[in-house]
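First the structure, in the form of structure tokens, and then the observations on it.
The values are calculated or read from the model by the stated rules, or taken from the named source; none is laboratory data. Source: prediction; values computed, not measured. Heads up, the Cβs are rebuilt from the backbone with ideal geometry, glycines too, and the neighbour counts pull from every protein chain shown.
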Amino acid sequence: MTARVANRRIRLLIALFATVFAIALLRAGWLQAVRAQALGSMATSQHRETIEVPPHRGTIYDRLGVELGVGTRATTVYANPRQIQDPRAAALAVQQSLGLDAANVYPLLADRSRGFVYVERQADPGLAQSLQDKHIQGFGFYDEERRDYPQKHLGASVLGYAGVDNKGLSGLELQLDKTLTGTRGEKTIVKDPFGRTLEVVDSKPGSDGENVYLTLDHSIQGQVERVLEETRTRWAAKSASAIVMDPRTGGILAIANDPGYDANRFPDVSQDRQRNRAVTDTYEPGSTFKIVTISGALETGLVTPSTKFTLPYEIQVADRKIHDAEPRGTETMTTDQILSRSSNVGVVTIAEALGQTRVNDWIHRFGFGRPTGIDFPGESKGIVLAPEEWSGSTIGNVPIGQGIAVTPVQMIAAYGAIANRGVMIEPHLVDRVGDGQRVQPVRRRIVSTTTSDQVRHMLREVVEEGSGTAAQVPGYRIAGKTGTAAKPDGAGGYSTSAYVASFVGFVPAKHPRLVILVTVDEPRGAIWGGVVAAPAFAEIANFALQYLEIPPD
Amino acid sequence: MAALLAGIVALNVAVLRLNMQVEQLDNQRDELVSKRENIQSQLTSTAAAGRIEEIATKTLHLGTPASTTYLELKHRGD
């Protein structure tokens, strides 16, 4: 090779290297200058991630701090069907670990058109871990909070339910959702190629939901539910409800509906059973409603407890005949006796003297026809005829508790006013939120102390000598009223076989600490409030008095 | 210069390791808090009066106690 050729080849090689180097330099310049931002973002997204920190839902406690609704850790299991190599084996592994039916799971895991399917939301963490330990490709796991009701049946229709997304769907969970939920936090992390967190570069703290303390007492609630179940079973009734309230504060110690259900199984229960019927449903109260007319007549001075009336067994009111429950001759009764003996003729006579306008006023004054304001969603305001809708015969049935529909909570609030020396206190379920102040309910004077004392005396006689003797509790004086109301038959009249039996009363009679209402819907074998509901009242009262160590008057 | 650079790198690595440990401890704490809450919930469920009553009557065949009323009498100050 001549020197000339060699030199040419060397120059060619140098040119080649220089070209390659120039291309590399240009490429580096392009990547680091023009593509810098885009590539930087890609890198950041690969090693940085912003994670949401869900807040812990507040716990619902009873008045003694016993948990009724609490958030517990659960693990949600999901799958990417496109990554599952053997769907059949995977489904069997799910069956083994989580207890789900492989036949139901297999179609989900075999569906390669989807990249994400839930296998089970909020599974037990231990069971999910056993699946995770099998290291089957395609399954993923993340922690969630699941709402748990450890007392199961206790207060189920009151607590309501927080669904799979931990949002309140009914009951107190819905009413208090904002308070219980809290706010989400965020944190931005730097992670390594294996997904492990190296550093937290930014965080926005959230706040957990607040805990709520109710006025409910889990022991009294449990006892009330047991008594209701026994009562409903014994009388083959459709349903039963009861409320126990402290008339001095309006705090509800127990509110129960039977048949009940396990709060953890809320989605499987019919809507009818889910309702807190003591707040949302109405009934015609019958004779328990008589205190409205009697109280109004006493308060206005129209009558005194000893005012006498000559009362036949039956009277004509417009196109209707009103008579007493038990046949009798014409008798003279005092106002006192009219209520304690539950005379329909007597109450209607006083109502006619009071007049339609004033009777209607007293109905509204006692809180009927509007919600009580109890802190529970879906409260019914009841059904009260507007004054312009009253016919000639309305004065003959509304004062005796027919042709009007009330809720149990309205009725107990009214009797609470009589028990609390004429002052009605708004019934409530929440005692306090977190460490905050106790709830201060609305107070409203309905009747004077004198009138409430007089009515209380009459109601004592109902229990001591009248239709409510089955409500007696040894050693205590009770005041109360029985109610037996025929249900509407849907054809404009009243059924002769379907009744609502009720008893509402308070104890001790002189300084009441408890107001208790029991309603039994369509009992069979007996229909009378004094036979069906009064014994349930006695059983509940006996327990609560002993439990709360309330001495007799 | 080389020693300085090596020192800076070692320091950064140590900081990263500490951060990872802190994150792991954070996660452990969260897990322990959750476990405690789960146990508390199980405890409440186990101690529920309804459950105890059911076991007493259906499993142990114990009878319902007779109702006894206790009256507290007022003390006479004489």
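Looking at A:Gln151, is it over 30 Å from the mean Cα position of the chain (by Cα) and not in a strand (DSSP E or B)?
no
Could you go through the range A:227-234 and let me know if any residue there is under 18 Å from the mean Cα position of the chain (by Cα), within 14 Å of chain B (Cβ to nearest Cβ), of a type in the set (D, E, K, R) and within 20 Å of B:Arg51 (Cα to Cα).
Checked against the condition, which is being under 18 Å from the mean Cα position of the chain (by Cα), within 14 Å of chain B (Cβ to nearest Cβ), of a type in the set (D, E, K, R) and within 20 Å of B:Arg51 (Cα to Cα), the range A:227-234 yields no hits at all.
Here are some conditions: (1) of a type outside the set (Phe, Trp, Tyr); (2) without any contact (Cβ under 8 Å) to a residue 12 or more places away in the chain; (3) buried (at least 17 other Cβ atoms within 10 Å of the Cβ). A:Gly416 meets all but one. Which one does it not meet?
(2)
For the range A:187-203, state whether one or more residues are part of a strand (DSSP E or B), under 30 Å from A:Phe376 (Cα atoms), touching a strand residue (DSSP E or B) at 6+ places or on another chain (Cβ under 6 Å) and outside the structural domain of A:Gln437 (by TED's automatic domain parsing).
Looking for residues that are part of a strand (DSSP E or B), under 30 Å from A:Phe376 (Cα atoms), touching a strand residue (DSSP E or B) at 6+ places or on another chain (Cβ under 6 Å) and outside the structural domain of A:Gln437 (by TED's automatic domain parsing), one finds none in the range A:187-203, hence no.
Please list, ordered by first then second residue, the pairs with beta carbon atoms under 8 Å, 6 or more apart or interchain, first in the range A:475-494 and in a strand (DSSP E or B) and buried (at least 17 other Cβ atoms within 10 Å of the Cβ), second among the β-branched types (Val, Ile, Thr) and at pLDDT below 90.
So the pair list comes out as A:Ala486/A:Thr496.
Condition check ((1) of a type in the set (S, T, N, Q); (2) out of contact with any helix residue (DSSP H, G or I) (no Cβ under 9 Å at 6 or more places or on another chain); (3) in a loop (DSSP other than H, G, I, E, B); (4) closer than 17 Å to B:Ser41 by Cα) across all residues:
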{"site": "A:Arg57", "(1), (2), (3), (4)": "no, no, yes, yes"}
{"site": "A:Leu64", "(1), (2), (3), (4)": "no, no, yes, yes"}
{"site": "A:Leu68", "(1), (2), (3), (4)": "no, no, no, yes"}
{"site": "A:Thr75", "(1), (2), (3), (4)": "yes, no, no, yes"}
{"site": "A:Arg82", "(1), (2), (3), (4)": "no, yes, no, no"}
{"site": "A:Ala89", "(1), (2), (3), (4)": "no, yes, no, no"}
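Check A:Lys510 against each of (1) within 27 Å of A:Thr449 (Cβ to Cβ); (2) in a strand (DSSP E or B) and name the one condition it does not meet.
(2)
Is there a residue being at pLDDT below 95, in a strand (DSSP E or B) and either within 30 Å of the chain's Cα centre (by Cα) or small (Gly, Ala, Ser) (or both) anywhere in the range A:434-445?
Within the range A:434-445, one or more residues are at pLDDT below 95, in a strand (DSSP E or B) and either within 30 Å of the chain's Cα centre (by Cα) or small (Gly, Ala, Ser) (or both).
Provide a single number: the residues in the range A:495-521 that are surrounded by 18 or more Cβ atoms within 10 Å (Cβ to Cβ) and of a type outside the set (A, V, I, L, M, F, W, C).
7
How many of the residues making up the range B:9-35 are more than 30 Å from A:Pro125 (Cα to Cα) and either within 11 Å of another protein chain (Cβ to nearest Cβ) or modelled with pLDDT under 85 (or both)?
So the first thing to find is which residues in the range B:9-35 are more than 30 Å from A:Pro125 (Cα to Cα), and the list is B:9-16.
Next, only the ones that are either within 11 Å of another protein chain (Cβ to nearest Cβ) or modelled with pLDDT under 85 (or both) stay: B:12-13, B:15-16.
Result for the range B:9-35: 4.
Scan the range A:117-148 for residues that are farther than 16 Å from A:Ala91 by Cβ, in a loop (DSSP other than H, G, I, E, B) and either polar (S, T, N, Q) or in contact (Cβ under 8 Å) with a residue 12 or more places away in the chain (or both) and report the count.
Of the residues in that region, 1 qualify.
Which one is farthest from A:Leu298 (Cα to Cα), of the residues in the range A:332-344 that are surrounded by fewer than 24 Cβ atoms within 10 Å (Cβ to Cβ) and touching a strand residue (DSSP E or B) at 6+ places or on another chain (Cβ under 6 Å)?
A:Thr332
From the list A:Lys290, A:Lys308, pick out the single residue that is buried (at least 24 other Cβ atoms within 10 Å of the Cβ), of a type in the set (D, E, K, R) and closer than 25 Å to A:Trp362 by Cα.
A:Lys290
Kindly indicate whether any position in the range A:170-182 is part of a loop (DSSP other than H, G, I, E, B) and over 30 Å from A:Ala89 (Cα atoms).
The answer is yes; a qualifying residue exists.
Filter the range A:213-252 down to residues that are buried (at least 24 other Cβ atoms within 10 Å of the Cβ), touching a Lys or Arg at 6+ places or on another chain (Cβ under 8 Å) and not in a loop (DSSP other than H, G, I, E, B), then give me how many there are.
Going through the range A:213-252 one residue at a time, the tally reaches 3.
Could you identify the single residue in A:Thr372, A:Thr349, A:Thr357 that is assigned to a loop (DSSP other than H, G, I, E, B) and of a type in the set (Ser, Thr, Tyr)?
From the options A:Thr372, A:Thr349, A:Thr357, the qualifying one is A:Thr372.
Quick grid of which residues meet (1) within 21 Å of A:Ile322 (Cβ to Cβ); (2) assigned by TED's automatic domain parsing to the domain that holds A:Val398; (3) touching a Lys or Arg at 6+ places or on another chain (Cβ under 8 Å):
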residue: A:Gly490; (1), (2), (3): no, yes, no
residue: A:Ser495; (1), (2), (3): yes, yes, yes
residue: A:Tyr499; (1), (2), (3): yes, yes, yes
residue: A:Val504; (1), (2), (3): no, yes, yes
residue: A:Val507; (1), (2), (3): no, yes, yes
residue: A:Arg513; (1), (2), (3): no, yes, yes
residue: A:Ile516; (1), (2), (3): no, yes, no
